[in-house]
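The values are calculated or read from the model by the stated rules, or taken from the named source; none is laboratory data. Everything quoted here is computed from the prediction, not taken from an experiment. Don't worry about glycine lacking a Cβ; one is built from the backbone with ideal geometry, like all the others, and counts go over all protein chains shown. What goes into the accessible areas is simple: the full protein's heavy atoms, side chains included, and nothing from ligands, DNA or RNA. Shrake-Rupley method; radii C 1.70, N 1.55, O 1.52, S 1.80 Å.
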Amino acid sequence: MRKIVGVVLAGAAVSAVLSTPAVAAGNDPMCSPGRTKLTWSSKAKPWSVTHKRVVLNYTGSTGKKTFSVEKVSEVKASVKATLGGKVSGKLVLASLEGSFGLELAAEGKVTNKRSESVTYNLTKRRATYVFFSGTRKVSGYYTQYRCDRGTKWIKTGRYGKAQSWTSPTEGGLRCDIKVPSGSLAAYVKKREC
């Protein structure tokens, strides 16, 4: 009889644990009273081209050339509260950074607003080249939870959106050359070649 009662109690305990928001979010249900955390949804990290220059080399010659790569867009790191009050931007971006495993720019930082100069060898006499600089535009929506009495996580009613960007990636490609799938070069080639 004791064995059966033990199984029933264990089952009841499991049911209680599974009903907590922490487990639903994939985290340990035990927490420190008063502690807060953020969970993320609708996360995205698409490439964004910030500078580019398309060069058509039909001069009949090859050689090293320097080009001015003009700004075409910019990405800004920002945190916006959509409901329930503001959460520290530094903490929000640190949480977003951890959820992606990427190093992100701090709140208020903006990608280079000026043109950039690049030097490349034009190796083919008749070809289209694209020179570029870009970054991953990282974003997501957060929900804040607070630890209640050290037993479960409850929503604080604070929600918002955060956006940042990774270290810039620069490069050049010749349109007739195969590039790695998923890379910034592949993103540029699909749109510019």
remark   = Once amide hydrogens are built 1.01 Å from N within the peptide plane, the residues lying 5 or more places from residue 109 or on another chain with amide H under 5 Å from its amide H are 77
query = Can you give the Rg and Dmax of the range 34-182 based on its C-alpha atoms, in angstrom?
reply = 21.0, 76
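Per the Cauchy relation, a quarter of the hull surface: what is the mean projected area of the convex hull of the alpha carbons in the range 73-142, in nm²? Kindly include the intermediate steps, with their values, before the conclusion.
Details: hull surface 27.6 nm².
Quarter of the Cα hull surface area: 6.9 nm².
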note = Under the Karplus relation with 6.51, -1.76 and 1.60 and θ = phi - 60°, whole-Hz ³J(HN,Hα) for the range 52-58, x at Gly and Pro, equal 7, 7, 9, 10, 9, 9, 10
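Just need the Rg to Rh number for the range 128-193, please, alpha carbons only, Kirkwood Rh.
Using Cα coordinates only, the ratio equals 1.33.
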remark   = Heavy-atom accessible area of the range 34-172 with neighbours in place, 1.4 angstrom probe: carbon+sulfur share in percent works out to 46
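Which order do you get for 67, 131 if you rank them by accessible area with a 1.4 Å probe, largest at the top?
Working: 67 30, 131 5 Å².
Sorted descending by solvent-accessible area, the residues read 67, 131.
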query = Non-local amide H neighbours of residue 183 (under 5 Å, H modeled in plane, Pro and chain starts lacking H): which ones?
reply = none
query = HN-Hα J couplings of the range 105-115 from phi, Karplus 6.51/-1.76/1.60, θ = phi - 60°, integer Hz, Gly and Pro as x?
reply = 6, 6, 4, x, 6, 10, 4, 3, 8, 9, 6
remark   = Unit-weight point scatterers at every alpha-carbon of the range 68-111, Debye formula, q = 0.14, 0.18, 0.21 1/Å: log10 I(q)/I(0) is -0.42, -0.62, -0.76
request  = Kindly state, to the nearest 0.05, the FRET efficiency for residue 74 paired with residue 124, given R0 = 41 Å and r defined as their beta-carbon distance.
outcome  = 0.80
query = Any idea of the accessible area per residue across the range 88-193, 1.4 Å probe, to the nearest Å²?
reply = 55
task = Round to the nearest 0.05 the FRET efficiency obtained for residue 181 and residue 64 when R0 = 30 Å and r is the Cβ-Cβ distance.
result = 0.55
note = Phi angles of the range 152-163, converted by Karplus (6.51 cos²θ - 1.76 cosθ + 1.60, θ = phi - 60°) into ³J(HN,Hα) in whole Hz with x for Gly and Pro, give 7, 9, 10, 5, 8, x, 9, 9, x, 10, 10, 9
note = Rounded to the nearest 10 Å², the accessible area of residue 120 using a 1.4 Å probe with every protein chain kept is 80
note = Per-residue accessible area, 1.4 Å probe, largest first, puts 176, 148 in the order 176, 148
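Arrange the peptides 111-117, 48-54, 169-175 so that the one whose residues have, on average, the most other Cβ atoms within 10 Å appears first.
On the way: 111-117: 13.1, 48-54: 19.4, 169-175: 17.1.
Highest to lowest by the protection proxy: 48-54, 169-175, 111-117.
Work out the FRET efficiency for residue 41 and residue 117 from their Cβ-Cβ distance, taking R0 = 41 Å, and round it to the nearest 0.05. Show your work: numbers first, answer last.
Values: r = 41 Å, r/R0 = 0.99.
According to the calculation, E is roughly 0.50.
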inquiry  = Suppose a student asked you for the relative contact order of the range 53-193, using Cα pairs under 8 Å spaced at least 6 residues apart; what percent would you report?
reply    = 33
